[in-house]
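Bear in mind these aren't lab numbers, they're just calculated from the coordinates by the rules spelled out. Values in this document were obtained by computation on a predicted structure and should not be read as measured data. Cβ placement follows ideal geometry from the backbone for every residue including glycine, while neighbour counts extend to all protein chains displayed.
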Amino acid sequence: MPSGPGERYDFFLSRRGSVAPIAREVTDVLKEQGYNVFVQDYDIRFGNSLVEKMHIGIMNSRDLIILFTRDYERSPYTRKEFTSFEAQRLRSPEQRHIVILLCDDTPPEGLLADNVYQTLMGIENPEERKSRILAAAERQSQAAPLPPRPFIGVPPRIASFTGREDELDRLDAILMQDKPAAVTQASVGRAAVQGLGGVGKTSLAIEYARRFRGLYAGVCWCSAEARTGLMSALASLAVTLGAATPEEADVEKAAKAALRRLAEQRATWLLVYDNVPAPDYITDLLPSAGARVLITSRFSDWSQLADEVALDVLPLEEAVALLRSRTGRGYAVAQTLADALGRLPLALDHSAAYCKRTQMRFTDYATKASSLIDAAPRGVGYLRSVAVTFDLAITEAVTQCAAAEPLMAYLAQCAPERIPMILVPEGVPVPQHSGFVASLVSGDYAASS
């Protein structure tokens, strides 16, 4: 069967080698009913790139059918198929589904537990097997879906998130092994960028949490810039886990109760500790079992506490793709701007939002930004390109609406969460076009950093 970029499929069949005969059976049943099925065994010919063909098949398939066995989640290849489909599904305007066919006595707990499923294990009658396969294809589940697993505090997905596939695979390899934690950090040798923001640590953690959420019994996002914020998030988790009551006044006691409860259960959670200042801030707030921990930090050495994933600026192609996805403009001019801003995701996102709203050309923005970067002070919390794109956005926002300046000064004192406008005091003017101002000052990556 051809499997080119234009071929469309009803189903992509994902499996381990131990159930090859069942894959053949399922394929035959579905094709007999007129469905178009992509199967690795038959549609990827010897000598073709496995990953490339898999990508095409997943991109062009409406639904994913998983022949689930106890060894399915242990393979990085089948995990890649599932997470790649999940990433595409979440971005797709059409309805796409994951369907499970159980092929052994492994119960649908944890990984993929809340998807449509049918059981083939122990069913010998060919007609009954056929009936169950077709029922699954028509999204008729053998049991009512389980309630959604907790997904606490995770920021919204970054719509313009681009690339970082190697880093996501590295996180998957670390966190799904027997390692206790993984760390993302800004690290470009011993240069001044060490410890500085804007490289996309938080956005990577958001993408991982959302793309791989099906691998965990629950996900809890903890803002860890201040220890009080981390303990508060863990205390809220304690309430979710039933380890503390909402009336518990001792936040640290509740936080420690959450960690103990995680260690007592069989299911595996993901905890994200975002923007940790240094290892000693969290050494006593790490779970002993029951959870994987993903840390983001500007601190440079986590070798004693976790496996490190160094995060650099975007490769040129990915930086250009980010600018083009946000604005729809051409390659050459996007490359010029990407180079001028040092390929930092946060600076690129700022500039794309600015150029889209004001209709400024990339070349003009690059010229203006470059002159300001040369004059910008050193040693600030962010790289100079990020500081400059912030300044340009704020200046334009004030030009559009003078009331934006006192409003931004007030909101800058608040925690980095979504702030209800009801909290703005009466004496602080709210711009009539506040959405326009917000889009200039805070792009997708800015909102997550």
I'd like the Karplus ³J(HN,Hα) series for the stretch 58-63: coefficients 6.51, -1.76, 1.60, θ = phi - 60°, whole numbers in Hz, and an x wherever there's a Gly or Pro.
5, 4, 9, 9, 5, 10
Which residues' amide hydrogens lie under 5 Å from the amide hydrogen of Ala291, considering only partners 5 or more residues apart or on another chain, with H built in the peptide plane?
Trp269
Of the listed pairs Lys53/Lys356; Lys80/Lys130; Lys80/Lys253; Lys201/Lys368; Lys80/Lys201, which have alpha-carbon separations greater than 32 Å here?
Lys53/Lys356; Lys80/Lys253
Table column - 3J(HN,Hα) (Hz), the stretch 226-239, Karplus curve with 6.51, -1.76, 1.60, x for Gly and Pro
10, 4, 4, x, 5, 5, 5, 5, 5, 5, 5, 4, 4, 5
Ranked highest first by average number of other Cβ atoms within 10 Å, how do 399-412, 207-220, 297-310 line up?
207-220, 297-310, 399-412
Output wanted: per-residue J couplings in Hz (rounded whole) for the stretch 67-72, from phi through Karplus 6.51 cos²θ - 1.76 cosθ + 1.60, θ = phi - 60°, x for Gly and Pro.
8, 8, 10, 5, 9, 4
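Do any GluC sites (Glu not before Pro) in the stretch 209-276 lie in a loop, going by DSSP, with at most 12 other beta-carbon atoms within 10 Å of their beta carbon, and if so which? Please report the intermediate quantities before stating the final value.
Working: sites: Glu225, Glu247, Glu248, Glu252, Glu264; in loops: Glu225, Glu247, Glu248.
Here the GluC sites (Glu not before Pro) that fit, given the DSSP loop and packing criteria, are Glu247.
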Highest-first arrangement of 121-134, 327-340, where packing means the average Cβ count within 10 Å
327-340, 121-134
Whose amide H sits under 5 Å from the amide H of Arg62, counting only residues 5 or more places off or on another chain, with H placed in the peptide plane?
Tyr9, Asp10, Phe11
